[in-house]
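Notes for the one structure printed next.
The values are calculated or read from the model by the stated rules, or taken from the named source; none is laboratory data. None of these values were measured; they are calculated from a predicted model. Ideal geometry is used to build each Cβ from the backbone, glycine not excepted, and the neighbour counts take in all protein chains shown.
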């Protein structure tokens, strides 16, 4: 009955709409139609003579005619369902505020119709208020596609949802959005949406509780929610803000972890997030653990290349272990820390299309039997090796580091190693190095490899100033890490210097005016001759200090020091004990000229330091900017000729000038770093350092050069004496750590013969990318110095702790800021320990020892 009533009512309204007097309705009629001629009680069939559209400014009129289904020549009964359907179909589009069907003319049985519409306004622009400028820019990026669209309920609700989701992901769960409309004065059919956003406060997690758990403790289950942490003081790195997307990830991780411990039926039955107060929520999760399962019998089928005994040994899963699909898949297809999974065995021997499918053949009591079905496929050889994306660096510089060569069998391990070696060049964004197999040809058994790289800025500038030796010292350093010597005379290659050949050119100058100057030059070529990885480096420096411009030479205040030096280095990569080793030999010549210059073991005369250095190093860190695994170790042996064994100098009565005319010593240094991933992106860097300066002849005495200075920021800044090893130790003043019982100070410290130092540093990245790398750190350090081997105690160290940050910018290198607190007092230096702020610039981010 109701349906009949509404149908009659709708038809009457439609009839009334068609029978309006001209001018009374928007669009109007062009001819008066008597009301009784279109009466619902007397419907009549007409032939449509034509249909026009009025009021449409932005929409296609032909499209509107198609939607109306009114075609010239069609028959239509008016009034009736047809006229009602026209209006209903057009309203469905959500494009109009008003729609009317008018009769413009009737000629016998031919009728002429007009569809009069009022279009809804379109969005001109969004005006966001209540949030910061940066937040407005982020939201506008997500709403750029809304401009120009019809303003309707869907647009308003979508805009609100996008804004709320944006802030919900950042922990603002109580965000409110209020949208009002104002006409755009520049366009009468457009509106401006005024969007007032109140993001509220960040919502933290007060409590996380579980229900239904018996074998897993509350504490253990909370640990599995690494990104949904309840508010506790010790949750330093785990987020305490509630973020829905992270919460969903954590719920899946929770189930995976429970199943990984043998509870294969584990699942989340329900979970609720309830409001605790305006700023906190409580999370409650109901879990089902189920019974614990264990691995039963495991067999392999389809394996022809390798016997089941070998595959079982590599898989390292034995009968009786808790059942874990995650561990099973990891041992079959990786990744594993040492790439010792079953898939690596096959992929390192050319079986590119290898696949392993573990099938649970029987589940009984608490035991799961498995049949691991192996598809080995054919072996593939490498066809072409292609490099893409190196816009500055020449192909040969990258290709010589790639270890996958055409004609070799495909090898996953060499593919990964090649990507590492490309990253070690320092010219490319390590995160965007993407090696990909392509053009797999089963018929010919070949596969092409494409290495996609993205260049990054690698040149660096050092511009700094500071106090040293009681005067202001300015420093300017330029390092070009992708230099090209062969294009030095090619004017077109300057950008601003020739680039692309992977060589390194470093120029550095320090000066305080006429009192002190220090200039150095270094050039290195990692592939001397271009065919083998023979490392070559050439360096030179000159350094001087003088008060001659202020005092005559006869004055006791007159002093002068000049040091000149050159050095050459040759080295090669080794394949034994493994191919991470490098062996370098260096020959250096240093010339010292002192004229009434105090502070060292002699004040006047000329000294020569001719030293030969052998350096054996091994570097296996994964990436240079923020290492997460691997190690970096270096053993350095250095020595001069033992002049005292074959010259005629009587060192018992020799003057200091005679004693040190040809300086003699031997020097041993060992440095090691280890990087260990703790959890997530949290990395522990452990470091140990040791140095010993020895003498061939006790009558000669200790060398005045090549000593060790410990304490402070470790910067090689204002140091007259080249060859001195500056070892930083935060929490203490520069060079302040001296042997126990000595009366030396930081200003009188000439350096020591023996030192050791230990560092533990927790690192967590804030930004990791090619444009910048930023990480925070907390450290604990200990170190000490001695002058007598009999007094060395490696466990008797001066200790410090602290925290800091590192920022790596390609143009400036590494910038560091630390606060360290030294626990141990230095006799005679009351301010040497306790709290100190240290700033450092251009020190090594990972591969160096600081």
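Miscellaneous remarks
- Residues that are exposed (fewer than 12 other Cβ atoms within 10 Å of the Cβ) and assigned to a strand (DSSP E or B) within segment 45-92 comprise 45, 75, listed in sequence order.
- Subset of segment 705-723 (residues that are under 16 Å from residue 602 (Cβ atoms) and modelled with pLDDT under 90): 705, 720, 721, 723
- If you check 457, 496 for being in a loop (DSSP other than H, G, I, E, B), modelled with pLDDT under 95 and surrounded by 14 or more Cβ atoms within 10 Å (Cβ to Cβ), only one passes: 457.
- Checked against (1) more than 30 Å from residue 65 (Cα to Cα); (2) surrounded by fewer than 17 Cβ atoms within 10 Å (Cβ to Cβ); (3) in contact with a strand residue (DSSP E or B) (Cβ under 9 Å, 6 or more places away or on another chain), residue 144 passes all but condition (3).
- Filtered by the rule that a residue be under 28 Å from residue 760 (Cα atoms) and buried (at least 20 other Cβ atoms within 10 Å of the Cβ), segment 632-670 gives 632, 634, 667, 669.
- Selection over segment 93-109 of residues that are exposed (fewer than 13 other Cβ atoms within 10 Å of the Cβ) and either part of a strand (DSSP E or B) or at positive phi (or both) gives a count of 4.
- In segment 348-373, the residues that are under 28 Å from residue 322 (Cβ atoms) and in contact with a helix residue (DSSP H, G or I) (Cβ under 8 Å, 6 or more places away or on another chain): 354, 356, 358, 370, 372
- For the condition exposed (fewer than 14 other Cβ atoms within 10 Å of the Cβ) and either at pLDDT below 80 or closer than 23 Å to residue 423 by Cβ (or both), residue 474 does not qualify.
- None of 756, 752 is farther than 26 Å from residue 462 by Cβ and either surrounded by fewer than 19 Cβ atoms within 10 Å (Cβ to Cβ) or within 35 Å of the chain's Cα centre (by Cα) (or both) except 756.
- Annotation note: of 837, 801, the sole residue that is surrounded by fewer than 19 Cβ atoms within 10 Å (Cβ to Cβ) and either modelled with pLDDT of 95 or more or assigned by TED's automatic domain parsing to the domain that holds residue 429 (or both) is 801.
- Residue in segment 392-400 that is surrounded by 15 or more Cβ atoms within 10 Å (Cβ to Cβ), closer than 26 Å to residue 632 by Cβ, touching a helix residue (DSSP H, G or I) at 6+ places or on another chain (Cβ under 9 Å) and without any contact (Cβ under 8 Å) to a residue 24 or more places away in the chain present: no
- Residue 529 being under 17 Å from residue 514 (Cα atoms) and not in a strand (DSSP E or B): no
- Any hit, segment 114-123, residues being over 22 Å from residue 152 (Cβ atoms) and touching a strand residue (DSSP E or B) at 6+ places or on another chain (Cβ under 9 Å): yes
- The condition (being part of a loop (DSSP other than H, G, I, E, B), in contact (Cβ under 8 Å) with a residue 60 or more places away in the chain and touching a helix residue (DSSP H, G or I) at 6+ places or on another chain (Cβ under 9 Å)) is satisfied by just one residue among 740, 706, 733: 740.
- Exclusive hit being under 17 Å from residue 825 (Cβ atoms) and not assigned by TED's automatic domain parsing to the domain that holds residue 428, set 793, 788, 752, 784: 784
- Beta carbons closer than 7 Å, at least 6 apart along the sequence or on distinct chains, pair a first residue in segment 617-630 that is at positive phi with a second that is assigned to a strand (DSSP E or B) for 630/675.
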